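What follows is calculated from the coordinates using simple rules that are stated; it is not laboratory data. From a predicted model like this one, the values you see are computed outputs, not experimental measurements. Methodologically, a virtual Cβ is constructed for each residue, glycine included, from the backbone with ideal geometry; neighbour enumeration extends over all protein chains shown.
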Amino acid sequence: MSRKFVFARLAVMASLALPGITFAEDRLSVAIEQSLDDAKAGRPYVTVTVTNVSDAPAWFNRVHSPFDLVEGHAAGNWFRFEGGRGAGPVFIGRQQLIRAFYPEDYERLDPGASRSTSLDLSPDYRFPNDGTYLVSTGVVSFDHVPTDEGDISGRQWLKTDLMELHVSTAYVGSFTPLADSVIPCTGEQEKGTGQAYVKALNMTSTRERLNKLSYYYDPVDPDQPDKPPRKHMRRDAKYVYWLGEWDDDAPQPPDDGHEDTDNAKVDATVHATLLRLRSDLKIVCDLCPKSHPETRGWADGEGIVHLCPANFRDPVIGGISSQTATLIHEASHIVDGYGPSTVDLPGVYSRETAHALPRPEAVRSAANYEYFIANTPLGLGAENADIE
Ligand SMILES: [Zn+2]
């Protein structure tokens, strides 16, 4: 058991025993643990525990969390590894795109009640080396069962502390592989997907061009002609709406030793999404029998996009969700050499929840890129007007 976890657990117990102590305003407490035996053996098993530390009932989204397993696999990439790019494992599981949740997807916890889930991370994460990884996870809690996708009141995103996860790559989990439920697409499905694909390609290409057109340099200072001019990005209202604000005046490259604004990361992510669409994304039709009924699809660890029956209920383009937007979303996820890949964040599945994300999370969230790209302005291809 890691020291960090012990601390987290003590903090939870203290908050239960001493209700007078302020423990933020969190209604739930979330902890992650690797048992001592698992840590010694290098088995990446984790137990996640959610406890209601408030004096009122609370709910958490069970489907968008490590609590909902599909044949022993997590239904999404719910674990965050720290330590810099390339240092953590590669996620090779599914990130299911679920566009709506039902009241029964929210699990109620009465005051003092807890729920735990245990899972093996080895089928879904490829760990490059033996050793210790730093990992956290979280859940989204509510003070009521949300009534629709736009209801984000009383919502809290709760994270565990970072835990040391001890991993031996010699350990291989014994798992039943997910049942193969790929079926041939019907002619109608192929036609719709083909149209959606062309739209997705056009929109992503337009968005990339617009991003490039947003940059400009300060004029060169005649007193310091050798000083590299500062690069700026024009504020596009849609950009700010989906990906958040940045501080243009803060020290940043080319000033030495300063962090980027993340605008370059956004560009690289849009660019990678475009390259994946241009490289002929592999798409299959899937019955998705074990998935949530509102699952539109997922990208698997091999970069193949699986489309589920619910996807074909959506319009090809337009509306709150579309087959086009689903393809953009899935293309943004794929892990390859084209550039950054996006993640699904717990509880982020609608325009409201995506817009509510702080910038550091928004710039890596698949839903935010999906909406940002599908929100391409009128004028450069009016047919792209998808989301308003
Ligand atoms: Zn996704």
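Data for the structure
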| item | result |
| --- | --- |
| Cα convex hull of the chain - mean projected area over all directions, nm² | 21.8 |
| Distance in nm between pseudo-label sites at S168 and A237 (7 Å out along the Cβ direction from Cα) | 6.0 |
| Selected from G42, G187, G173 as most flexible by GNM, with the chain as the system and alpha-carbon contacts under 10 Å | G187 |
| Stretchable slack from D26 to K191, in nm (0.36 nm times residue separation minus alpha-carbon distance) | 54.6 nm |
| Using a Förster distance of 25 Å, the FRET efficiency for H144-E82 (Cβ separation, nearest 0.05) | 0.15 |
| Within-13-Å neighbourhood charge of D151 [Cβ basis; K, R +1; D, E -1] | -2 |
| Kyte-Doolittle mean at least 0.0 and Cα axial length at least 24 Å: DSSP H helices in the chain | none |
| Over segment 23-180: Rg over Rh, Cα atoms, Kirkwood Rh | 0.98 |
| The chain, dipole about Cα centre (Lys/Arg Cβ +1, Asp/Glu Cβ -1), debye to the nearest 20 | 440 |
